[in-house]
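Contents: one structure, followed by commentary.
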Ligand code: SF4
């Protein structure tokens with residue numbers, strides 16, 4: 001078993017993580033939080049989002065979103 005690495009070997013080369021690239025419905029969005037024009041920033045600003053166990057204060061960079 002291996003923990004998700006956000007496919008660092010791919011993202012370092014400007015590629016999407018394999019699961020984001022393979023998903024036919026766009027259920028996964030990956031991007032640069034520091035880029036205000038990125039799709040992930042759009043999702044965070046415009047969709048209903050939540051993180052698991054937010055009360056622990058660990059600030060995970062993984063959100064669930066819904067329309
Ligand atoms: S394919 Fe997706 S779940 Fe698997 S390591 Fe890459 S980003 Fe993580």
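Rundown of residues vs (1) under 16 Å from residue 66 (Cβ atoms); (2) in a loop (DSSP other than H, G, I, E, B); (3) touching a helix residue (DSSP H, G or I) at 6+ places or on another chain (Cβ under 8 Å); (4) at pLDDT below 95, yes/no style:
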{"residue": "1", "(1), (2), (3), (4)": "no, yes, no, yes"}
{"residue": "4", "(1), (2), (3), (4)": "no, yes, no, yes"}
{"residue": "10", "(1), (2), (3), (4)": "no, no, yes, no"}
{"residue": "14", "(1), (2), (3), (4)": "no, yes, no, yes"}
{"residue": "27", "(1), (2), (3), (4)": "yes, yes, no, yes"}
{"residue": "31", "(1), (2), (3), (4)": "no, yes, yes, yes"}
{"residue": "37", "(1), (2), (3), (4)": "no, yes, no, no"}
{"residue": "41", "(1), (2), (3), (4)": "no, no, no, no"}
{"residue": "45", "(1), (2), (3), (4)": "yes, no, no, no"}
Are any residues in region 6-22 under 13 Å from the mean Cα position of the chain (by Cα) and either closer than 18 Å to residue 63 by Cβ or away from the ligand (no atom under 12 Å from the Cβ) (or both), and if so, which ones?
6, 7, 11, 16, 17, 19, 20
Picking from 37, 47, which residue would you name as being over 12 Å from the mean Cα position of the chain (by Cα), more than 11 Å from the ligand (Cβ to nearest atom) and surrounded by 12 or more Cβ atoms within 10 Å (Cβ to Cβ)?
47
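The values are calculated or read from the model by the stated rules, or taken from the named source; none is laboratory data. Bear in mind the structure is a predicted one, so any value in this text is a computation, not a measurement. A quick note on method: Cβ atoms are made from the backbone with ideal geometry, for glycine too, and the neighbour counts reach across all protein chains shown.
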